[in-house]
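First up is the structure itself, then whatever we jot down about it.
The values are calculated or read from the model by the stated rules, or taken from the named source; none is laboratory data. Here the structure is a predicted model, which is why all the values come from computation and not from measurement. Every residue, glycine as well, gets a Cβ built from its backbone with ideal geometry; the counts of neighbours run over all protein chains shown. Each accessible area value is taken on the protein alone, full model and side chains, heavy atoms only, with ligands, DNA and RNA left out. Shrake-Rupley method; radii C 1.70, N 1.55, O 1.52, S 1.80 Å.
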Amino acid sequence: MSFAHSVLAPWALLLTWLLSLGVIAWALCRRPWQALKNDTGLQHRWLAATVAVVLMWQLRAQAVDWLTLHLVFTVLMTLVFKAPLALISNVAINVAMVLIGRNDWVLLGPNVLVTGIVPAVIAGTIWRLVDRRLPDNLMIFLFACGFLGAALATLAGGLAAVLLIIVASNDPEAVYLAQEYARFLPLLMPSEAFITGMLLSILLVYHPDWVATFNDHRYIDMQ
């Protein structure tokens, strides 16, 4: 779920911009470009994945002109490239959506928040729990981080968007429609979870070294 046209109050736009800028500044402080500089293959995979997500975001349902429903893929990007690169990719994807006329510039902050930051935080938190608390098992990693993580991240991102509209919109119709849209979130959760889990399972079978959060020595060699 992301915003296409603004129905948010100016203070909410400013707040989400500042929050998004702060998180992106943190991602840049992690110096993720160092990994890209040292690995040509990673450069190609990251750029290809970013372009692929831009294309997939074109498949969207839009009943009103200011809110759209679509797959996000932030969880998959976070698991494959880790959060800093995934967030930079999300910013690039949202900028691309603005440039092709899908979204407004003023909504870049809110969209990065609901499609990038919130899902990445959920995915990172679940990965940390799996990595530190649960047994080293391939299926646990796949289902907890891939399927469950994607479902919960979709729910969290959608609820964040709905909450923003309820709190920061002065349009009663927009508030009502956002509440109605919230009912469709359970329909988005299985699709995002299935696609993410399926793609992650393919990567773990054929190219486990491509998944930055996956330790093939712990999860495969030591079993």
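Here are the numbers for this structure:
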{"item": "Unmet criterion (only one of (1) open to solvent by 10 Å² or more (accessible area, probe 1.4 Å); (2) under 15 Å from the mean Cα position of the chain (by Cα)) for G101", "result": "(2)"}
{"item": "Criterion violated by L177 - all others in (1) loosely packed, with under 14 Cβ neighbours inside 10 Å; (2) under 30 Å from W17 (Cβ atoms) satisfied", "result": "(1)"}
{"item": "Answer residue from region 27-41, given it is hydrophobic (A, V, I, L, M, F, W, C) and in contact (Cβ under 8 Å) with a residue 24 or more places away in the chain and is nearest to A178 (Cα to Cα) among those", "result": "A27"}
{"item": "Per-region count, region 17-63, residues of a type in the set (S, T, Y) and more than 14 Å from V80 (Cβ to Cβ)", "result": "2"}
{"item": "Output for region 105-119, where each listed residue is open to solvent by less than 10 Å² (accessible area, probe 1.4 Å) and either of a type in the set (A, V, I, L, M, F, W, C) or in contact with a Lys or Arg (Cβ under 6 Å, 6 or more places away or on another chain) (or both)", "result": "L107, V112, V114"}
{"item": "Residue that is nearest to T16 (Cα to Cα), among those in region 185-209 that are within 18 Å of the chain's Cα centre (by Cα) and open to solvent by 80 Å² or more (accessible area, probe 1.4 Å)", "result": "L187"}
{"item": "Contacts under 7 angstrom Cβ, first residue in region 51-71 being more than 17 Å from M189 (Cα to Cα), partner among the aromatic types (F, W, Y) and part of a loop (DSSP other than H, G, I, E, B), 6 or more apart", "result": "V53/F73"}
{"item": "Residue in region 147-160 that is open to solvent by less than 20 Å² (accessible area, probe 1.4 Å) and of a type outside the set (G, A, S) present", "result": "no"}
{"item": "Yes/no for L59 being within 16 Å of L199 (Cβ to Cβ), in contact with a strand residue (DSSP E or B) (Cβ under 8 Å, 6 or more places away or on another chain) and either among the aliphatic types (A, V, I, L, M) or open to solvent by less than 50 Å² (accessible area, probe 1.4 Å) (or both)", "result": "yes"}
{"item": "Residues satisfying the stated conditions in region 5-22, i.e. hydrophobic (A, V, I, L, M, F, W, C) and surrounded by 18 or more Cβ atoms within 10 Å (Cβ to Cβ)", "result": "V7, L8, A12, L13"}
{"item": "Top-ranked residue in region 130-145 [being part of a helix (DSSP H, G or I) and without any contact (Cβ under 8 Å) to a residue 12 or more places away in the chain; ranked as nearest to V205 (Cα to Cα)]", "result": "M139"}
{"item": "Pairs where the first residue, in region 94-117, is at positive phi and the second is at pLDDT 95 or above and assigned to a helix (DSSP H, G or I), C-beta under 6 Å, 6+ apart", "result": "none"}
{"item": "Pairs with Cβ under 9 Å, 6+ apart, first in region 6-17 and within 14 Å of I166 (Cα to Cα) and part of a helix (DSSP H, G or I), second open to solvent by 80 Å² or more (accessible area, probe 1.4 Å) and hydroxyl-bearing (S, T, Y)", "result": "none"}
